[in-house]
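K.L.:
Can you read through this structure? Questions will come right after.
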Amino acid sequence: MIAVRYPWPEGKKSAAVLSFDFDAESGFLFREPEKARRSLGDLEERRFGPRVGVDRILRLLDRLKLRATFFIPGWTVEHHFEACRRIRDAGHEIGAHGNVHEALGFLDEEQEERVMREQLEILARHLGVRPAGYRSPSWDVNVWTPDLLKRHGFLYDSSLMGNDVPYDVPTTQGPLTEVPVQWLLDDAPLFRHVYGATNAIADPGRVLQMWSKEFAAMHEENGCFVLTCHPFVSGRASRIALLDDLVTFMRRARGVWFTTCEEVARWHASGPAPANARPAATRPASASGARSGARGRRRRSPANRRGRG
Ligand SMILES: [Zn+2]
């Protein structure tokens, strides 16, 4: 038998997660506050997410019987509560994604700590959610961010590109699980129109081919395929059809674990990874001891949802 590169539950060959970053207007408000005071055009482009995109995505996920992960900034929760509530009530995982989509490169450690407390407070107060996971806005991560996440009780981060299977990011309080992302699997650089940018709006057929090829190759490599989409970008009609076609393609492969970022992180933290994927010295005894050799552990079904944090 050929050794697998990363062992997934029940002998699955790879994992696949559909994730959605529900930014709405928040990123625009943070990056271009002056323009955001006058440009109804830019605001409305992003309001397509809460107004149309989210519900299209929820209907698609319902039809496909898939549970997904939504990363939601505090600002979006406060200003588009009903859409967020529908995401929560449909049983999808909700992760943290900044407050007003603050790019962490603009924040010092103290500011980042304050923003972290604000977003957690908003998620708890409005949605009753204590997120297990965090995705930094624009995938912008400071060197101190993993420690901050650990201090605030996060199980995992999903913003880094250092591997294509889950891995450990060291912190002073033990490892933080990373559920990695990559630009190739992000809808924004492919589909968003930005004046002056070099990219043209991509043909959904070409994107289906790109994502299908990446999935097929990652599946052979026992990878963790994490797709990142935005409701205001991928909520457009032909792109919902693309996601539908992509899942149909992926379901033809044998042994794919369709899951959420949280379930991937829980699996990883339970200690199944081979030595080359995690430094043993940083592995916390409490998370690994009782479950070593957990390769055959049963998969948690979507219905068997765990309490957060
Ligand atoms: Zn975002």
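The values are calculated or read from the model by the stated rules, or taken from the named source; none is laboratory data. Since we're looking at a predicted model, the values are computed, not measured. Cβ coordinates were reconstructed from backbone atoms using ideal geometry, including for glycine residues, and neighbour counts include every protein chain displayed. Remember, those area values only see protein heavy atoms, side chains included, never the ligands or the DNA or RNA. Shrake-Rupley method; radii C 1.70, N 1.55, O 1.52, S 1.80 Å.
K.L.:
Glu34 versus (1) under 21 Å from Asn99 (Cα atoms); (2) open to solvent by less than 70 Å² (accessible area, probe 1.4 Å); (3) without any contact (Cβ under 8 Å) to a residue 12 or more places away in the chain: which is the lone unmet condition?
P.N.:
Among (1) under 21 Å from Asn99 (Cα atoms); (2) open to solvent by less than 70 Å² (accessible area, probe 1.4 Å); (3) without any contact (Cβ under 8 Å) to a residue 12 or more places away in the chain, the lone unmet condition for Glu34 is (2).
K.L.:
Just the residues that are charged (D, E, K, R) and either modelled with pLDDT under 90 or open to solvent by less than 50 Å² (accessible area, probe 1.4 Å) (or both), please, taken from region 193-216.
P.N.:
If we filter region 193-216 for residues that are charged (D, E, K, R), which is where we start, we get 203, 206, 213-214.
The answer is Glu214, and nothing else.
K.L.:
Ala16 passes all but one of (1) in contact (Cβ under 8 Å) with a residue 60 or more places away in the chain; (2) closer than 18 Å to Ile72 by Cα; which number fails?
P.N.:
The one condition Ala16 does not meet is (2).
K.L.:
If you don't mind, another one. Exactly one condition in (1) away from the ligand (no atom under 16 Å from the Cβ); (2) open to solvent by 10 Å² or more (accessible area, probe 1.4 Å); (3) touching a Phe, Trp or Tyr at 6+ places or on another chain (Cβ under 9 Å); (4) over 20 Å from Arg192 (Cα atoms) is false for Ala15; which is it?
P.N.:
Going through the list (1) away from the ligand (no atom under 16 Å from the Cβ); (2) open to solvent by 10 Å² or more (accessible area, probe 1.4 Å); (3) touching a Phe, Trp or Tyr at 6+ places or on another chain (Cβ under 9 Å); (4) over 20 Å from Arg192 (Cα atoms), Ala15 breaks only (2).
K.L.:
For Gly49, state whether it is under 27 Å from Glu118 (Cβ atoms) and assigned to a helix (DSSP H, G or I).
P.N.:
Working: under 27 Å from Glu118 (Cβ atoms): yes; assigned to a helix (DSSP H, G or I): yes.
Against the criterion (under 27 Å from Glu118 (Cβ atoms) and assigned to a helix (DSSP H, G or I)), Gly49 qualifies.
K.L.:
Here's another thing I want to ask about it. On the basis of being within 16 Å of the ligand (Cβ to nearest atom) and assigned to a helix (DSSP H, G or I), does Val115 make the cut?
P.N.:
Working: within 16 Å of the ligand (Cβ to nearest atom): yes; assigned to a helix (DSSP H, G or I): yes.
When the stated conditions are applied, Val115 passes them.
K.L.:
Here's a follow-up. Give region 154-174 a look and list any residue that's open to solvent by 10 Å² or more (accessible area, probe 1.4 Å), part of a loop (DSSP other than H, G, I, E, B) and out of contact with any Leu (no Cβ under 9 Å at 6 or more places or on another chain), or say none.
P.N.:
Correct list: Leu160, Met161, Gly162, Asn163, Asp164, Gln173.
K.L.:
Continuing with this model, one more query. The conditions are (1) in a helix (DSSP H, G or I); (2) open to solvent by 60 Å² or more (accessible area, probe 1.4 Å); (3) under 30 Å from Pro131 (Cβ atoms), and Pro189 fails exactly one of them. Which is it?
P.N.:
(2)
K.L.:
Of the residues that sit in region 20-78 and are among the hydroxyl-bearing types (Ser, Thr, Tyr) and away from the ligand (no atom under 11 Å from the Cβ), which one is nearest to Ile122 (Cα to Cα)? Before you say what the answer is, go through the steps one by one.
P.N.:
If we filter region 20-78 for residues that are among the hydroxyl-bearing types (Ser, Thr, Tyr), which is where we start, we get 26, 39, 69, 76.
Imposing the further condition that a residue be away from the ligand (no atom under 11 Å from the Cβ) reduces the set to 39, 69.
Values: Ser39: 27, Thr69: 18 Å.
Per the criteria, the residue is Thr69.
K.L.:
Residue under question is Leu127, and the condition is that it be buried (at least 21 other Cβ atoms within 10 Å of the Cβ), of a type outside the set (Val, Ile, Thr) and away from the ligand (no atom under 14 Å from the Cβ); does it hold?
P.N.:
No; evaluated as a whole, the condition is false for this residue.
K.L.:
List pairs: first in region 131-149 and closer than 18 Å to Asp168 by Cβ, second away from the ligand (no atom under 15 Å from the Cβ) and part of a strand (DSSP E or B), Cβ under 7 Å, 6+ apart or cross-chain?
P.N.:
Ala132/Tyr156; Gly133/Tyr156; Pro146/Val169; Pro146/Leu176; Asp147/Thr172; Leu149/Leu176
K.L.:
Here is a further query. If you scan region 130-147, which residues turn out to be in a helix (DSSP H, G or I) and more than 16 Å from the ligand (Cβ to nearest atom)?
P.N.:
The first filter runs over region 130-147 and keeps only residues in a helix (DSSP H, G or I), leaving 137-139, 145-147.
Pro146, Asp147 - these are the residues of region 130-147 that are in a helix (DSSP H, G or I) and more than 16 Å from the ligand (Cβ to nearest atom).
K.L.:
Turning to a different aspect of this structure: Only one of (1) away from the ligand (no atom under 16 Å from the Cβ); (2) assigned to a loop (DSSP other than H, G, I, E, B); (3) open to solvent by 40 Å² or more (accessible area, probe 1.4 Å); (4) touching a strand residue (DSSP E or B) at 6+ places or on another chain (Cβ under 9 Å) is not met by Lys150, so which one is it?
P.N.:
Of (1) away from the ligand (no atom under 16 Å from the Cβ); (2) assigned to a loop (DSSP other than H, G, I, E, B); (3) open to solvent by 40 Å² or more (accessible area, probe 1.4 Å); (4) touching a strand residue (DSSP E or B) at 6+ places or on another chain (Cβ under 9 Å), only one is false for Lys150: (2).
K.L.:
Have a look at Arg59, Arg67, Arg51 and point out the one that is of a type in the set (Lys, Arg) and within 18 Å of the chain's Cα centre (by Cα). Write out each step before concluding.
P.N.:
On the way: Arg59 fails: within 18 Å of the chain's Cα centre (by Cα); Arg51 fails: within 18 Å of the chain's Cα centre (by Cα).
Result: Arg67 is the single residue among Arg59, Arg67, Arg51 that is of a type in the set (Lys, Arg) and within 18 Å of the chain's Cα centre (by Cα).
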